[in-house]
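No value in this document is a laboratory result; all are computed from the given coordinates. These figures come from a predicted structure and were not determined experimentally. Cβ placement follows ideal geometry from the backbone for every residue including glycine, while neighbour counts extend to all protein chains displayed.
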Amino acid sequence: NLLDLTSAQGAAICFGDNFTVIGETPSEEDLKFLVQWLKQNVNQEVFYTDSLPRIYPDAQRFKDIGSGLLAIPISKRNYVLWFRSEVIQTVNWGGDPNKAFETTHTEGTLQLSPRKSFELWKETVRLTSLPWKQVEIKTALELRKALINIVLRQADELAQLAQDLERSNAELKKFAYVASHDLQEPLNQVANYVQLLEMRYNDKLDEDASEFITFAVEGVSLMQTLIDDVLAYSKVDLQGIEFKLTEVETALDHALANLRGRIRETGAVITHDPFPTVMADSTQLMQLFQNLIGNAIKFRSEQPPEIHVGAKRLEDSWLFSVQDNGIGIEPQFSDRIFVIFQRLHTRDEYPGTGMGLAICKKILECHRGKIWVESELGHGATFYFTIPVRGRERERRNGGVTMSI
């Protein structure tokens, strides 16, 4: 029990943005601000004080349960915290300690003399807890050492697992790439010979035979499109991508230039907020906007498309949004649409393979971001995605994306 280790009234385990609390602790919001303050001001293996509000003024809000603090950092984002409540004490002094001497003026001369009254003087001490004992501090350090050893051991295991997964993924992607190329040749042969059959024997074919040939050619064309999209998805980690400072507005402009024909045909109106500069791959960012805006145009309502691209700064990332006035999506399908080959409509209603949003999701996974949608059927949709302010920890990865809408 964490409380027994240090004789504290409350304890909190802070793992990133998640908190597990025991006993009496400050609110989760206060814990978040306290951890931020510790990150910026504390570099020791252990930090302890019996008067937290005197050095961290915001602690006065929870002085009743957290005037004393003992904290150990496990990593830059993870902490274990113990709290002790305020203990109001009365200190007895022999005379007022604030008046340790007296001053007198005699014939223009200032004289200092010791105080003459040592009458009992009482002082009330607030914003202070019982002090932390050395044995409690040592116990916290031993716990920190044990936790770090566990973390390092798990890190080694995860590193080995990541290496195995990377090797497995590389083999799977290589297989997908080779298999897709090998599938293209027989499909081309099927399409060519079916079309040649139609050309040579057109005058001998009835209406049903011509229709069957058309179906065969369309099926081959669809299969080729699916193979191309599988290649696009598999190349996410096969081609070199470069993370650098990227003007988001420039990426959006390139995406709109690629969509200008569809924008002109549908009369779409596209607006956007002022954009920041982010650490990202410019080509992937352009393809991300192109897929999302292309979908907003494709799944339009009877009204001309109105699309707004927003940007908002969060604590550690930028939040972007693509909002439209289209047909919308039922909330129950908000996760399904990001799965490879998942479609909510038939190809007769809306063309496509169901790969566009899956590729968007993989682009953002490369950037350590997230993507989700909020929508109601018949009321448009808003796609949100985040890009970390500092970009990826590694500037280069194997990856690349081909756009598919």
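Observations, loosely collected:
- Cα gyration tensor, region 261-321 - rounded (a/c under 1.5), prolate or oblate: prolate
- Modelled spin labels at Ile150 and Glu166, positioned 7 Å past Cα toward Cβ, are 2.7 nm from each other.
- Added length on full extension, which subtracts the Cα-Cα distance from 0.36 nm per residue, Lys76 to Arg390: 111.5 nm
- Taking Ile72, Ile55 and counting other C-beta atoms within 10 Å, the order from fewest to most: Ile55, Ile72
- Listed pairs Lys145/Lys370; Lys174/Lys361; Lys32/Lys244; Lys63/Lys312; Lys312/Lys361; Lys39/Lys361 exceeding 23 Å between Cα atoms: Lys145/Lys370; Lys32/Lys244; Lys63/Lys312; Lys39/Lys361
- Burial ordering of Thr49, Thr20, fewest other beta-carbon atoms within 10 Å first: Thr20, Thr49
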